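Taken together, the values in this text are just the output of simple stated rules run on the coordinates, not laboratory data. These figures come from a predicted structure and were not determined experimentally. Because the Cβ atoms are built from the backbone with ideal geometry, glycine has one as well, and the counts that use them run over all protein chains shown.
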Amino acid sequence: MPSWIVALETRESAARSRAEGLREQIGGLSESLSQVEIELSRLQITRETMSEVLSAPAASSVQVPEVFESLGPVPVAGLMQAAALLVAAEAGGDQAVISPAYRQIAAVFAEQTGVKRCKDVLAAIGVPEATDSQRESMRSKLKRLVARGVLVEAEPGLFELSAAGVR
């Protein structure tokens, strides 16, 4: 009689091992599925946004929403270039450069082409009498945008919108 108990325990152990292996596979597949669903969601949002932007009637300038309200009308070409550079930076995994502060900086460069100093950017966003810490904070943001390929530093302290795109 003991032989059937041993056989049963052996089969039960094998079934437990297979079940555990399947649970591990399910866990891995669930994680992979979650990552793919996030990617699909981001792609769908991007497609919908680009469809809205491209289906809007062509105009020489557009009113920039929310964080850019104080800047008034911005040329569409400059705004599209700035937006494309920010989107490319985000696609590269850089979430920091799509924050409202960085969008506001990009809008300043999109509004007026040419080189700007840190103090020019601060004045354009409504901080004409900036403190040393505000200037350093802005300089840091500008340098970060240079590192991401959104801006270029033409000369030390002179920044402009990148024409080449993001690396």
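Quote the FRET efficiency, to the nearest 0.05, computed for Arg47 versus Glu20 with a Förster distance R0 of 35 Å and r equal to the Cβ-Cβ distance. Don't skip to the end; give the middle numbers.
Numbers: r = 41 Å, r/R0 = 1.16.
Efficiency, from the Cβ-Cβ distance: 0.30.
Please give the peptides 118-124, 22-28 ranked by average Cβ packing (other Cβ atoms within 10 Å per residue), highest first, as a rough proxy for protection. Mind dumping the intermediate values first?
On the way: 118-124: 18.9, 22-28: 10.0.
Answer by packing, highest mean first, reads 118-124, 22-28.
Report, please, the projected area of region 112-153 averaged over directions, based on the convex hull of its C-alpha atoms, in nm².
Details: hull surface 11.5 nm².
Computed as one quarter of the Cα hull surface, the answer is 2.9 nm².
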